[in-house]
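Read through the structure below, which is laid out as structure tokens, and then see the notes.
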Amino acid sequence: MTPGAVPPLAIVLISLIAGLVIFFLAEHQVRLRSSLNLGAAVLKVMLVFAVLWGVYQGERYRLGFELAPGFEFVLRVDALALLFVTLSAVLWLLTTIYAIAYLEGSPHRSRFFGFFSICVSATSGIALAGNLLTLFVFYELLTLAAYPLVVHRGTPEALRAGVSYLRYTLAGGVVLLAAIVWLYSLTGPIAFVEEGGALDHLGPEHDGTLIVIFALFVIGFGVKAALVPLHGWLPQAMVAPAPVSALLHAVAVVKAGAFGLVRVIYDVYGSARVHDLGVGFPLALLAAVTIIYGSLQALRQDDLKRRLAYSTVSQLSYIILGISLFGPIATMGGLVHLVHQGIMKITLFFCAGNLAETYGIHKVSEMRGIGRRMPWTMAAFTLAAFGMIALPPLAGFVSKWYLGVGAVLAGQFWVVVVLLVSSLLNAAYFLPIVYRAWFLRPESPGPAPERHSRRGWETDAGLLLPPLVTAALTLLVGLFAGTEFSPLHWVEFIAQQEYPP
Amino acid sequence: MSGEAIALSAAILLPLLVALGLLRPAWRRAALRLIPMAPLPTLVLAVLAPEAVVEAERVMMGVRLGLDEAGRVFALFTALIWMAASAHMLSSGLRADTPRERIFLLSFLAAMAGNLGLVFALDQLGFFLFFSLMSLSAYGVIVNNEGSATRFAGRLYLGLALFGEMLVLAGLMLAAGGIFGAAYAWLLYWGFGIKHGVVPLHVWLPVAHGTAPAPASALLSGAMLKAGVLGWLRFLPEAGPLVLGELSGFVILAGLAAAFYGAAMGLLQRKAKMLLGYSSVSQMGILTAAVGVALSGPERWAAALPIILLFCLHHGLVKAALFLGVGVRREGSLGRLVYPMLVLLSLAVVAAPFTGGAWVKLWLEGLEVSGGRSALLLQVLPVTSVASTLLMARFLWLAREPAPAHGEDPAGAHGRALPHLLLGLAALAGPWWFVAVHQPELLHEMVTGKVLWKMLWPVLLAGVPAAGLALWAWRRGWRMPWAVPPGDLAVVLAGISVPRVRGAWAWPAMPAWQGWGGRLQAMEVHLRGLGTAGLLYLLVVLAIGVLVYAF
């Protein structure tokens, strides 16, 4: 094994090993489990940043070996992989801190954290996969590892949600496999090619087949990316505990779907090919329908987490919209939203979890005056919600700006209308929450807090810290989008690779 | 970082720092006292700052700050109004003790940062950033209690403000994509225009002005309303003379329509502050028409720009002082001066001789225009003065007693007279200074009898009968038998007949999403079944397809 092979393997294995070890810990070994969890998460973040530094210095990392004839298992680090793996590593660390505090004293924690770690490992695998089959292996691993998390509570509702989740995602997985097999039967085993896709050697006589395969990819990945009408599982899955929802909606499951589509469009087909085949436009249309439909559904939800879930349906399709439009600016908008949506949505779910854990508040209608009792939590929530509405200078605005300008450059003016209508709808379902929380007097006497912090904070420090960090990030990545360390700068680099000037 | 960069950032960030200070109980008192001082750096910059442009490439996608010709005038009156309104607010006994008051103050300071920031923002994105910060925060300044009228006002305001922002954003996206056509100009016209009430999107304006506490109304109509004008002035020219020339005629007509419509609706109001809101619609209509004239050609633009700036300076200060005056205690030696000041300010609005309004109209008439809609504006100008005189006469009638104070609202209590009087003096003197610097020959012209009479007759034409009517009404105890609900069109469009409960309007809850919920629910359930079924079906087809293909 070459030295360049170690980092990608280590990034995937750290969380996998941590997860496997945690399975064998007894329920009461809290301290050992927590240190293992946190240790692995911190180690992973450090490793990812070391790799980032290395790539910046011109190092290249790749691990590949043949698993079966024609099936090469490849992990490698490219700019796109780094974008996703950095996001997942950082948010995993925060979610781990949050989850430890959230699940304090509840049963089955070893099972939970075991699968939790495997999920993250699978996500890293998806990010680093160097070809479609490797990606598929991790994709399915993620499907299965997330199931125990969704049904963690074991209530009938959770089990129902779990069945629905499996039905959708497994079926999607099969379609995906079919698409991959079909494509391989045309081309032979192909790796991801960053500049211009991997299908150059296929002549125009295959165009019809390629279009059908593309549709299969969209369906296969679209299930996890919650494209309407394949989104049904996502709002149900919000019965999972808050940290799971946070991870599910921000990094792991739904992002895997979107990320898969990114890989297919840029590194398999190549954006020029997608453009020539004419499949970008229908995909953009589908994304637009999803954006509006998800927002409309979110409007009528009183359950806070359910409202957030529909919001995810809507926001994820920004990514799809960005990558389905032809041109570097729209690409930047889509890709940067991969990161921005993650940061904002994880904040919102953290905050929803805080409300539920501290005061037993699950519904929007119960949130009167909660800003006075939990000012920090609600401040974080407000910031993230404003980001979702795309108010400048927050993260969501940067995404939307690039999407809109990209659409104008691509000549697709209707996309601008969709984006702005979506902003208004976002305002219509987020602002009433903000209004209730800050402007209305709380009911007296309000609910008694169920959890207390030892230091007189509004809730447990472990629950409060992560949303504050991600809310601050929501502001910083937007306000300082022009600096060298911003996600925007990184996706600009990726877009330049895809569309050489 | 250069000295200019530090000074500009300090001017914009100071209100936010004060807001942070309010969050800490120990610093609260000191921070509260600092609020009226927060716009001071902006004022100093407006007077002293050199022409410097600061590029902040790392903020967002790059922001450019500085002071242009328009910005300097805007900085001046914006800072003055914010200082006076803050002083008024503190003198009304506002403390930061209750959560409600803190929300109000935080919104107040955030809106201040946005309003001061946009004055310095020379590029589109930066302007949009501060513009939306101001618009959104202003909600917290308007909505200061849980009453139904306030909620209605707040929703109407926020809905239209966000809508306007989206229009602007669409325009900016087009521009960033290199498209500066008619669409760009129209989007900016409506998007920024909502802020100062282009008819028919003016409906939020009187309602919000009428329900907000006095200092908030002063800010809204004096300072924040002008932000939309600044947006026009800075970014409309980029559309190019050809596009703007086509827009010009419409803008003039729309402006004149607003001028008369606003005056008519305002006359039929029962509350002084609602009426002042309509007066703003009307005055901004005249301003819009003036902008329309400026749009008709590049040399016209250069000639009309200083007039527009004078108009903003004059109307901003006067209207803010009027609003403050409605919410002032009229006791003590200074208190007795409040009503005379209101009379003087009203005279300024109606363009009586030697007031800012008169300078504006005189200067406008001096523009060399030939035929077309621009000439129409000049012919109609005296008539607008007649309409304004009627309107302001009714205002003085309604304002003969101070409006009832809402002691339980933050900043709802009556303030002291001093900030109002000082701002009023600034409002009366400011235009003199501006004219003396930019167009001194107007000063000579005014004292000649012909010009004096030209300015005077519209005021007398409407003022004398109005005074007679007032005298008669006062003797007989007569009241206007009916009135128009503030927000005229919106209230009608909300589809709700507005019942009057003992002279007060009962406010409708906006019809939200009723009726939609059920249909959406059904759709979602349907899709859930369809999704699964569809997937399974596809699987079968696929399996067969793959098998056939492989063998």
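Over chain A, the reciprocal of the mean inverse Cα-Cα separation, the Kirkwood hydrodynamic radius, stands at 22.6 Å. Per residue of A:394-404, other chain Cβ atoms within 10 Å of the residue Cβ number 3 on average.
For segment B:212-226, the residues whose backbone nitrogen is under 12 Å from a point 7 Å from the Cα of B:Ala149, taken along Cα to Cβ, are B:212-213. Once the Cα atoms are used to define both axes, helix B:99-120 deviates from the longest principal axis of chain B by about 80 degrees.
When B:Thr355, B:Thr448 are arranged by Cβ crowding within 10 Å, least crowded first, meaning fewest neighbours, the order is B:Thr448, B:Thr355.
For chain B, averaging the sequence separation of C-alpha pairs within contact (under 8 Å, six or more residues apart) and dividing by the residue count gives a relative contact order of 14 percent. When the helices of chain B are scored as -39500 (n - 2.57) per DSSP H run of n ≥ 4 and the total is divided over every residue, the value at 222 nm lands at -24500 deg cm²/dmol.
Between 0 and 90 degrees, the angle of helix B:272-295 with respect to the longest Cα principal axis of chain B falls at about 80 degrees.
Once the Cβ-Cβ distance of B:Ala182 and A:Phe71 is raised to the sixth power relative to R0 = 41 Å, the FRET efficiency obtained is 0.10. From its DSSP helices (H runs of at least four residues, each -39,500 (n - 2.57)), chain A gives a residue-normalised ellipticity at 222 nm of -24000 deg cm²/dmol. Within 10 Å of the Cβ of each residue in B:133-146, the mean number of Cβ atoms contributed by other protein chains is 2.
Put in order of Cβ neighbour count within 10 Å, fewest first, the listed residues A:Glu27, B:Glu165 become A:Glu27, B:Glu165. Along chain B, the exposed loop sites are trypsin sites (Lys or Arg not before Pro) outside DSSP states H, G, I, E and B with at most 10 other Cβ atoms within 10 Å, and the longest stretch free of them is B:1-478.
Taking the DSSP beta bridges with both ends in chain B, the antiparallel portion is around 90 percent. Taken over the C-alpha atoms, the protein assembly as shown has Rg and Dmax values of 31.3, 106 angstrom. Dipole of the protein assembly as shown computed with +1 at Lys/Arg Cβ and -1 at Asp/Glu Cβ about the Cα centre; of A:Ser124, B:Ser132, B:Ile81, farthest Cα towards the positive end is B:Ile81. Pull out a ≥ b ≥ c, the square roots of the eigenvalues of the alpha-carbon gyration tensor of segment A:92-177, then state rounded if a/c is under 1.5, prolate if not and a/b is larger than b/c, and oblate in the remaining case. In terms of gyration-tensor shape, oblate. Here B:Leu253 and A:Leu440 are evaluated by their C-beta separation; at R0 = 41 Å the FRET efficiency comes out at 0.40. Farthest towards the positive end of the charge dipole of segment B:310-436, among the residues B:Pro410, B:Val343, B:Trp359, is the Cα of B:Val343, using unit charges on the Cβ of Lys, Arg, Asp and Glu.
The C-alpha atoms of chain B define a longest principal axis, and helix B:225-235 lies at about 70 degrees to it.
For peptide B:519-527, the mean count of partner chain Cβ atoms within 10 Å of a residue's Cβ comes to 4.
Which whole DSSP H helices in chain A pass both tests: a Cα extent of 18 Å or more along the axis and a mean Kyte-Doolittle value no lower than 1.6?
Span-like helices, by this rule, are A:6-23, A:79-102, A:132-150, A:207-224, A:280-299, A:413-439, A:461-479.
Per residue, the convex hull spanned by the Cα atoms of segment A:356-492 measures out at 115 cubic angstrom. If amide hydrogens are placed 1.01 Å from N in the peptide plane, which non-local residues have theirs closer than 5 Å to the one on B:Val54? The list, which skips near neighbours in sequence, is B:Leu65, B:Gly66. The ranking of B:His196, A:His152, A:His340 by Cβ neighbour count inside 10 Å, starting from the fewest, reads A:His152, B:His196, A:His340.
Where a number appears in this text, it was derived from the coordinates with a stated rule and is not lab data. Everything quoted here is computed from the prediction, not taken from an experiment. No Cβ is skipped: glycine too gets one built from the backbone with ideal geometry, and neighbour counts run over all protein chains shown.
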